[in-house]
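This report concerns only the one structure given below.
The values are calculated or read from the model by the stated rules, or taken from the named source; none is laboratory data. Quick caveat, the model's predicted, so the values are computed rather than measured. We place every Cβ from the backbone using ideal geometry, glycine too, and count neighbours over all the protein chains shown. SASA here: full protein model, heavy atoms, side chains in, ligands and nucleic acids out. Shrake-Rupley method; radii C 1.70, N 1.55, O 1.52, S 1.80 Å.
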Amino acid sequence: QVQLVESGGGSVQAGGSLRLSCAASGGTFAMGWFRQAPGKEREFVAAFLSRAGSTVYSQSVKDRFTISRDSGVNSADLQMNSLKYEDTAVYYCAARTTYASASYDEQSYDYWGQGTQVTVSS
(Lines give C-alpha, C1' and ligand atoms only; values in the text may rest on other atoms or scores of the structure.)
Protein backbone atom coordinates (compact mmCIF):
# COMPACT_ATOMS: atom_id res chain seq x y z
CA GLN A 1 0.00 0.00 0.00
CA VAL A 2 1.41 3.36 -1.04
CA GLN A 3 1.37 6.19 1.45
CA LEU A 4 2.61 9.77 1.21
CA VAL A 5 2.85 11.54 4.54
CA GLU A 6 3.37 15.28 4.58
CA SER A 7 4.43 17.50 7.45
CA GLY A 8 5.26 21.14 7.94
CA GLY A 9 3.41 24.12 6.65
CA GLY A 10 1.67 26.79 8.69
CA SER A 11 1.50 30.56 8.72
CA VAL A 12 4.31 33.04 8.21
CA GLN A 13 4.77 36.68 7.33
CA ALA A 14 5.97 37.70 3.90
CA GLY A 15 9.71 37.33 3.62
CA GLY A 16 9.78 34.42 6.04
CA SER A 17 10.58 30.75 5.53
CA LEU A 18 8.85 27.41 5.94
CA ARG A 19 9.85 23.82 5.31
CA LEU A 20 7.61 21.02 4.10
CA SER A 21 8.51 17.35 4.27
CA CYS A 22 7.09 14.32 2.55
CA ALA A 23 7.88 10.65 2.96
CA ALA A 24 6.61 7.95 0.62
CA SER A 25 6.32 4.27 1.42
CA GLY A 26 5.22 1.21 -0.52
CA GLY A 27 7.45 1.59 -3.55
CA THR A 28 10.14 3.62 -5.31
CA PHE A 29 9.06 6.93 -6.73
CA ALA A 30 10.01 10.15 -8.43
CA MET A 31 8.79 12.91 -6.15
CA GLY A 32 7.40 16.35 -6.70
CA TRP A 33 5.41 19.19 -5.15
CA PHE A 34 2.33 20.98 -6.41
CA ARG A 35 0.13 23.66 -4.90
CA GLN A 36 -3.41 24.93 -5.23
CA ALA A 37 -4.45 28.43 -4.25
CA PRO A 38 -8.09 29.30 -3.52
CA GLY A 39 -10.08 29.56 -6.73
CA LYS A 40 -7.17 28.40 -8.89
CA GLU A 41 -6.09 25.19 -10.52
CA ARG A 42 -3.37 23.05 -9.02
CA GLU A 43 0.04 24.04 -10.33
CA PHE A 44 3.52 22.55 -10.46
CA VAL A 45 6.10 23.77 -7.94
CA ALA A 46 9.18 21.55 -8.03
CA ALA A 47 10.26 17.99 -8.74
CA PHE A 48 13.14 15.58 -9.10
CA LEU A 49 14.03 14.82 -12.71
CA SER A 50 16.28 11.85 -12.07
CA ARG A 51 17.31 9.31 -9.48
CA ALA A 52 20.64 11.16 -9.34
CA GLY A 53 18.80 14.13 -7.91
CA SER A 54 18.55 16.70 -10.67
CA THR A 55 15.69 19.10 -10.07
CA VAL A 56 13.30 21.44 -11.85
CA TYR A 57 11.26 24.39 -10.56
CA SER A 58 8.44 26.56 -11.76
CA GLN A 59 9.48 30.07 -12.69
CA SER A 60 7.43 31.54 -9.85
CA VAL A 61 9.45 29.76 -7.14
CA LYS A 62 12.84 29.33 -8.75
CA ASP A 63 15.69 30.74 -6.63
CA ARG A 64 13.41 30.89 -3.58
CA PHE A 65 12.39 27.27 -3.06
CA THR A 66 14.63 24.21 -2.86
CA ILE A 67 13.55 20.60 -3.18
CA SER A 68 15.76 18.02 -1.52
CA ARG A 69 15.66 14.44 -0.34
CA ASP A 70 17.38 14.52 3.02
CA SER A 71 15.62 11.35 4.16
CA GLY A 72 16.35 9.23 1.10
CA VAL A 73 15.16 8.80 -2.47
CA ASN A 74 11.53 8.36 -1.44
CA SER A 75 11.42 11.66 0.38
CA ALA A 76 10.95 15.22 -0.76
CA ASP A 77 11.55 18.25 1.39
CA LEU A 78 10.63 21.69 0.19
CA GLN A 79 12.50 24.59 1.74
CA MET A 80 10.60 27.79 1.01
CA ASN A 81 12.42 31.08 1.52
CA SER A 82 11.45 34.69 0.81
CA LEU A 83 7.81 33.71 0.90
CA LYS A 84 5.29 35.97 -0.79
CA TYR A 85 1.57 36.45 -0.25
CA GLU A 86 0.94 34.74 -3.57
CA ASP A 87 2.63 31.57 -2.28
CA THR A 88 -0.41 31.01 -0.08
CA ALA A 89 -1.91 27.66 -1.08
CA VAL A 90 -2.44 24.07 -0.11
CA TYR A 91 0.76 22.23 -0.98
CA TYR A 92 0.65 18.64 -2.17
CA CYS A 93 3.42 16.09 -2.28
CA ALA A 94 3.13 13.76 -5.26
CA ALA A 95 4.85 10.60 -6.47
CA ARG A 96 5.17 9.19 -9.97
CA THR A 97 6.41 5.69 -10.70
CA THR A 98 8.91 6.67 -13.39
CA TYR A 99 11.36 9.53 -13.91
CA ALA A 100 10.58 9.29 -17.63
CA SER A 101 7.19 10.98 -17.33
CA ALA A 102 6.76 14.74 -17.41
CA SER A 103 7.65 16.06 -13.98
CA TYR A 104 5.58 19.25 -14.31
CA ASP A 105 2.36 17.49 -15.38
CA GLU A 106 0.09 16.41 -12.56
CA GLN A 107 -1.27 13.68 -14.84
CA SER A 108 2.14 11.99 -14.55
CA TYR A 109 1.70 11.46 -10.83
CA ASP A 110 0.09 8.34 -9.44
CA TYR A 111 -0.06 9.14 -5.74
CA TRP A 112 -0.77 12.27 -3.73
CA GLY A 113 -0.35 13.42 -0.15
CA GLN A 114 -3.20 14.83 1.89
CA GLY A 115 -2.10 18.43 1.39
CA THR A 116 -0.78 20.95 3.87
CA GLN A 117 -1.76 24.60 4.17
CA VAL A 118 0.79 27.37 3.75
CA THR A 119 -0.45 30.86 4.55
CA VAL A 120 1.69 33.94 3.94
CA SER A 121 0.48 37.23 5.35
CA SER A 122 1.53 40.47 3.75
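Points to keep in mind about this one:
- Residue 102, sole failed condition from (1) touching a helix residue (DSSP H, G or I) at 6+ places or on another chain (Cβ under 8 Å); (2) more than 17 Å from residue 9 (Cα to Cα); (3) of a type outside the set (Lys, Arg); (4) not in a loop (DSSP other than H, G, I, E, B): (4)
- Residues that are open to solvent by 20 Å² or more (accessible area, probe 1.4 Å), in contact with a Gly (Cβ under 8 Å, 6 or more places away or on another chain) and among the aromatic types (Phe, Trp, Tyr), drawn from segment 79-92: 92
- Restricting attention to segment 93-105, the residues that are touching a Gly at 6+ places or on another chain (Cβ under 9 Å) and either open to solvent by 40 Å² or more (accessible area, probe 1.4 Å) or over 21 Å from residue 28 (Cα atoms) (or both) add up to 2.
- Residue count for segment 25-58, restricted to those that are under 16 Å from residue 101 (Cβ atoms) and either outside any loop (DSSP other than H, G, I, E, B) or more than 15 Å from the chain's Cα centre (by Cα) (or both): 15
- Options 37, 94, 52; residue that is out of contact with any Lys or Arg (no Cβ under 9 Å at 6 or more places or on another chain) and either β-branched (Val, Ile, Thr) or modelled with pLDDT under 95 (or both): 52
- Lone qualifier among 71, 25, 11, 75 - being small (Gly, Ala, Ser) and modelled with pLDDT of 95 or more: 11
- Taking (1) in contact with a Ser or Thr (Cβ under 6 Å, 6 or more places away or on another chain); (2) of a type outside the set (D, E, K, R); (3) touching a residue at least 60 places away in the same chain (Cβ under 8 Å); (4) open to solvent by 30 Å² or more (accessible area, probe 1.4 Å) in turn, residue 56 satisfies each apart from (3).
- From the list 14, 76, the lone residue that is of a type in the set (A, V, I, L, M, F, W, C) and exposed (fewer than 15 other Cβ atoms within 10 Å of the Cβ) is 14.
- Residue match in segment 69-79 (condition: hydrophobic (A, V, I, L, M, F, W, C) and in contact with an Asp or Glu (Cβ under 8 Å, 6 or more places away or on another chain)): no
- Tally, over segment 65-91, of residues that are free of Cβ contacts under 8 Å to residues at least 60 places away in the same chain, under 18 Å from residue 41 (Cα atoms) and under 11 Å from the mean Cα position of the chain (by Cα): 1
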